[in-house]
Structures are given as structure tokens and as C-alpha cells.
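Here the structure comes first, spelled out in C-alpha cells, and everything after it is commentary.
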Amino acid sequence: MKLVSYKHKEKESLGIIVNGSLYDLHGCDPLIPQTMFQFLNNSGPVMMPLAGKVQKAITASGMEAYRVDQFNLMAPVPRPSSCRDAYAFRQHVASARRNRGLGMLPEFDQYPVFYFTNHHSVTGPGPVECMPDHFEQLDFELEVAVVIGKAGKNIRAEEADDYIAGYMIMNDLSARTLQMEEMLLSLGPAKGKDFATATGPWLVTPDELEPYLIAPQEGHTGRSYALDMVCRVNGHEVSRGNTRDMNWTFAEIIERCAYGTEIFPGDIIGSGTVGTGCFLELNGTAKLKDPAYQPVWLKEGDVVEMEITGLGILQNTITRSGSDFSILKRKKAPCEVS
């Protein structure tokens, strides 16, 4: 199933996409809650089969449908209970470190890591408003994410896939100047990341991706898929990768996320950036080949389009806030070190 959150008469609603048309799930079956968060938290494992029955009924009877473009699609989970982002693609990590003259970290192959980003700044398709400082090396990051469908704690990787409600595209937008400044203090990322994380266009349940299942990499546990990942900026392809290159599975990442703490329905967990999946990496690689290369970053008006096999197309337009407020300009002078 492809589940969506959308605005209808200024009210958040839960829908399902069938053959390219949008259907109101609550309208089709009043037992199904009106919002995604209620759906996932109101016995999500029970609600999924109900939604599946609605999908079959729609296919058989031809219920009233809406065109998807009639509504503003929201983030599939508009107000997630948390949002984590992992570091699953070895190529991205190795390339980014190489471009900075650093060797690969052996710890990458020993355990998956993640950071918490701002779950209040998760957004869906459409405009993304940026402050002046965000345009100082504004970047996209091409990722896939999972949404947790049931609560759990101390979950083993062997059973972790059962906790995944579905998959979606994720663009971990990054303001690199802010990010790199704060990470000099070995704490972060934070301000460089917390202004926007785009997700969507819909949440795709695992059964839809079964045709793309592959064996996990040797020595790893959990479901793996071969899904093409592409990013275009203003119609021009800038990045291409595949989920088959995830060195850590979502099951293994969930195992670490849930160790000693509880994960909840509606939690989002990102894969981290696919190899070549951001300008930071692409610029660094190009600069190594040609020292005269001029780095490219996102700018006002750019249209960022991400497409992943089976997950649809997530499109966002970069817009500028009307404010001229800059925290970069409010930095204090450094103290003299004696």
C-alpha cells in the first residue's frame, strides 16, 4: 500500500493511493483513524490489514476517488515522535573522508551509528523555506527512511524488520557552513541540519517492495532491497545510487536504536546518504580531480527532485525567508589563548 497524509478543507487526512488516485481511508472505513499518527498508534498492526481490505474493495468496486494533485500532500508522518538519521552507506563515508584527506574509520564496519535530528522540522513535498545562513553551502542528501509501526525495546536485528510500517524517500537538507563550524567543537550536527528534513511523497508498506528483495551483504542481517536512487536539481541528474549498497540494514540500525530505550510508532529512521548523494561529496571529489573546480550548492528557486524505485518522487522547491537575521554574523571574537 501507498499511504499519504494530505490537507483536505484545511484538515489533515489519511489517504491511500490506488492506481494513481487518492482515496480517503477514514471515509472508506470509519474504523480507520483520520490521521497517520493515529493510524500508527491505534493498534497499527491491526489497522494495516483494515487498510489492505479497503484497497481490495477499491480495486473491486471503483469507489469515489480524487486526483492526487487536488490536494497538498504533507509529510507521510507530519509530526513524527522522533527522527534519527544513520550512516549506512560506506561509499559516502569513505569518499567524504578521502576528500578531506582522511582515511576510512574502521569502526564504520563494526557497528551502525545515528544522530537525532529535529522531528519538528520534518516536512513533505513542496516549498522548503530557508534562512540566510542556510544558503551558505546549502545541500541536499539523498536517502531512504523507514517509519516504525509498533513500540519495542531491546529489539534484535533478526526480528527488527517486523517493526517497520513502511519506507519513504528522505532529503536530509544540510546547511554545510553552520554544520562544519559547530562540528569543530565535536558536537553535532545540529544547527546545520535542524531546519528541514523533507520526506514523502507517501509511505510504502513492505509488501509493495517484495519484488526488489535481495540478500543482505555478507555477515549482515535483515531485509535488503535493490532500489535505484536518483536526485535531480532543476531537471538535471546530479546523483545516482542504489539501496543495495547499504552496508548496514535497517534491521541492524533498529537494533542499535532500540538498545536500552523504546522506539515508538511514528518514529522515523533515515539510512544516511547514498554514495554521491550530496553536493558536499560531489564537490570534494570534483575538486580532487580539478583544483580549479567551482563548488555547486543549492540556491533560491532550485527544484530538488528525488526518485527511488517503488517509493515515488519527492519534489521540493527551495525558497528564501523574508528575514535577514543571521547567526553567523553574531559570532563573538575568539578569546586569546595564553
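The values are calculated or read from the model by the stated rules, or taken from the named source; none is laboratory data. Predicted, not measured: the structure shown is a model, and the values here were computed from it. Note that we place each Cβ from the backbone using ideal geometry, even for glycine, and neighbour counts take in every protein chain shown.
Observations on the model:
- Residue in the range 247-260 that is in contact (Cβ under 8 Å) with a residue 12 or more places away in the chain, part of a strand (DSSP E or B) and in the same structural domain as D302 (by TED's automatic domain parsing) present: no
- Within the range 217-230, considering residues that are assigned to a loop (DSSP other than H, G, I, E, B) and under 21 Å from the mean Cα position of the chain (by Cα), the one surrounded by the fewest Cβ atoms within 10 Å (Cβ to Cβ): A226
- When every residue of the range 76-86 is checked against the conditions, none turns out to be more than 21 Å from the chain's Cα centre (by Cα) and buried (at least 20 other Cβ atoms within 10 Å of the Cβ).
- Residue tally, condition free of Cβ contacts under 8 Å to residues at least 40 places away in the same chain and within 26 Å of the chain's Cα centre (by Cα), over the range 44-60: 3
- Test: residue in the range 35-48 that is outside any strand (DSSP E or B), hydrophobic (A, V, I, L, M, F, W, C), surrounded by fewer than 18 Cβ atoms within 10 Å (Cβ to Cβ) and not assigned by TED's automatic domain parsing to the domain that holds G272: yes
- Selection status of P201, in a helix (DSSP H, G or I), out of contact with any Ser or Thr (no Cβ under 6 Å at 6 or more places or on another chain) and assigned by TED's automatic domain parsing to the domain that holds E255: no
- Selected residue (only one of A198, A160 is crowded, with 20+ Cβ neighbours inside 10 Å, under 18 Å from I313 (Cα atoms) and touching a residue at least 40 places away in the same chain (Cβ under 8 Å)): A198
- Only a single item in (1) within 27 Å of the chain's Cα centre (by Cα); (2) closer than 21 Å to F89 by Cβ is not met by E300, and it is number (2).
- Checking each residue in the range 120-132 for being surrounded by fewer than 20 Cβ atoms within 10 Å (Cβ to Cβ), touching a residue at least 60 places away in the same chain (Cβ under 8 Å) and of a type outside the set (A, V, I, L, M) picks out S121, G126, P127, E129, P132.
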